[in-house]
Amino acid sequence: MAGHERFKINRPSPSSIDTLHVDAPMIRPRFTIAGISCFIVVLAIGLAALWEATEVWDSAVFGATLALLSLAALMAMHRREARRAFWFGFVVFGWTYVVVSLVPSVQARLPTTLALIKLDGMLADRAIAFTAGGVAFKSVRYTVRSAAYSTDGSTLVATGPGSIQVWSSTTGKPISVPGTTENFVRIGHSLFALVAAYLGGVLSGRLHRAETRV
């Protein structure tokens, strides 16, 4: 028609659309009440297990760790995208730490092993203290052949470094020492496996989100 101008609208080609990039906002981690509650429960159980450091606690924590890592493997198979990436990293880092910590020659060289041994030495109050002849003693955790008091009754002398069995004069039953350093270290490795698994899951999730934004 006369007096009217025609305008031509050029649609962008598919190749030009592919070159467009939109900066996605940074996704911040969200902490739910359920997540915080689970963290508090795991932390409380872990501290109780380390404090007691008995064979029962060692077995329970190790079994729970294996169960969680096995469940995480199923989650990695049946989830998609970001959730699958998280659980995949959880499984890889968690099982890797478990396997490495079970190899004696490698376990002795782990920084976490040295840290756990030092931490166990700092928890002196975990050993039972007892008093004999007006002198306070604390038990240690190795076997000795014999022990006796000195002539003045103020010193306990043993044939070598180790532990002694103490009986209660009231009940007539032996007083047991709660836990050993070996159990303490093994429980600590089980807990560190879960920490490594969680960090691996977070790292894997971040890498997945970074890849999807490219």
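The values are calculated or read from the model by the stated rules, or taken from the named source; none is laboratory data. The model shown is predicted, which means the values in this text are computed figures rather than measured ones. All Cβ positions, even for glycine, are placed from backbone atoms using ideal geometry, and neighbour counts span all protein chains on display.
Data overview
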quantity: Criterion (in the same structural domain as Leu207 (by TED's automatic domain parsing), over 20 Å from Ala196 (Cα atoms), part of a helix (DSSP H, G or I) and free of Cβ contacts under 8 Å to residues at least 12 places away in the same chain) met by exactly one of Val99, Val56; calculated: Val56
quantity: Hits in the stretch 163-214 - residues which are at pLDDT 70 or above and aromatic (Phe, Trp, Tyr); calculated: Phe184, Phe192, Tyr198
